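K.L.:
Pasting a structure below so you can have a look.
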Amino acid sequence: MVRVRYNLRANLFVSSDNLIEVMYMPREQNPDTRINILGSAAYHFATFGYKGASMAKIAAQAGVSKSLIFWYFQSKGKLLESLMDDFVDRCMKTLLLDNKEKDPHRKIVNLIDIYWDFVKKNLQFIQVFMSWFIQLGTDEKQKIERLQKIHDKFEEVFRGYLQEGIEEGIFSKDLNVQATAKLIVSNLEGVLIQIFILKSDLNALDRYFFQTLKENIFYGILIRKTE
């Protein structure tokens with residue numbers, strides 16, 4: 001069996017018998033090419049699963065050669081991990097967006113809306129991420145830390161808004177900030193289970209779940225005029 005490997009010094013892929021030069025590789029990676037490959041990989045991993053996804057079809061959809069994908073990502077497993085890292089990076093950038101609202105109440109509502117908009121725009125990435133996470137072994141600490149990173153940042157942002165609301169006299173001074181932030185984040189993360197495991201309708205979640213969630217959150221934490 002002839003195997004193809006990358007010859008770094010020659011900057012080309014060659015067969016294991018050194019007789020076939022497959023193709024020359026560019027000296028530097030192109031960010032647009034990388035994005036195209038990851039986008040194609042997200043579709044194929046989400047549609048066919050990790051084992052069922054074909055690297056040849058991922059390459060064809062991305063408009064590149066299969067060899068070029070291996071130059072960018074080394075292996076199918078590395079491609080999946082890069083996709084997960086890209087997803088985590090997207091999540092973190094979304095959470096760190098400058099919240100234009102000044103009122104802590106509106107900041108929380110706005111962040112929930114931003115989260116939901118992010119979910120709807122990145123369904124394929126999230127489906128791959130969910131499938132990948134469900135299959136993780138308990139010993140895969142480094143991979144689990146990817147999810148923990150998002151979760152911790154999410155809670156941190158909500159804790160900040162809740163504390164700000166207490167200091168401004170909008171939220172109850174008796175509010176347990178840490179527990180409330182965990183409750184909000186747990187509900188938002190639970191939406192992913194609703195979508196990908198229970199196959200809940202996105203429009204129904206849009207109309208009912210998020211509106212009810214926001215109403216229930218603030219019913220418990222806002223200071224009412226009767227207090």
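Since every read-out is calculated from the coordinates, none of them should be taken as a lab result. Note that the structure is a prediction, hence the values are computed from the model and not measured. All Cβ positions, glycine included, derive from the backbone under ideal geometry; neighbour counts span all protein chains shown.
K.L.:
Rounded to whole Hz and in sequence order, give me ³J(HN,Hα) for segment 157-171 from the Karplus expression 6.51 cos²θ - 1.76 cosθ + 1.60, θ = phi - 60°, writing x for Gly and Pro.
P.N.:
5, 5, 4, x, 5, 5, 5, 4, x, 5, 5, 8, x, 8, 9
K.L.:
Ok, one more. What ranking of F129, F209, F73 emerges when the number of other C-beta atoms within 10 Å of each C-beta is taken as an exposure proxy, fewest first? Mind dumping the intermediate values first?
P.N.:
Numbers: F129 24, F209 17, F73 20.
The fewest-first ordering by Cβ neighbours comes to F209, F73, F129.
K.L.:
What ranking of Y43, Y50 emerges when the number of other C-beta atoms within 10 Å of each C-beta is taken as an exposure proxy, fewest first?
P.N.:
Working: Y43 19, Y50 15.
Lowest count first: Y50, Y43.
K.L.:
In which sequence would T47, T33, T94, T212 go, from the one with the fewest C-beta neighbours within 10 Å to the one with the most? Write out the running numbers ahead of the final one.
P.N.:
Details: T47 13, T33 16, T94 19, T212 10.
So the ranking, lowest neighbour count to highest, is T212, T47, T33, T94.
K.L.:
Could I ask something else about it? Run the paramagnetic zone check for L183: 7 angstrom along Cα to Cβ, then residues of segment 81-110 with backbone nitrogen under 17 Å.
P.N.:
105, 108-109
K.L.:
Let me ask you something else. Can you list the residues of segment 29-50 with backbone N under 20 Å from a point 7 Å past the Cα of A60, pointing along Cα to Cβ?
P.N.:
Backbone N within reach: 36-50.
K.L.:
Another question about this same structure. Mind checking the full-extension length gain between D32 and L222? Use 0.36 nm per residue of separation minus the Cα-Cα distance, one decimal, nm. List each step's numbers first, then the result.
P.N.:
Working: separation 190, 0.36 × 190 = 68.40 nm, distance 4.61 nm.
Gain on extension, D32 to L222, equals 63.8 nm.
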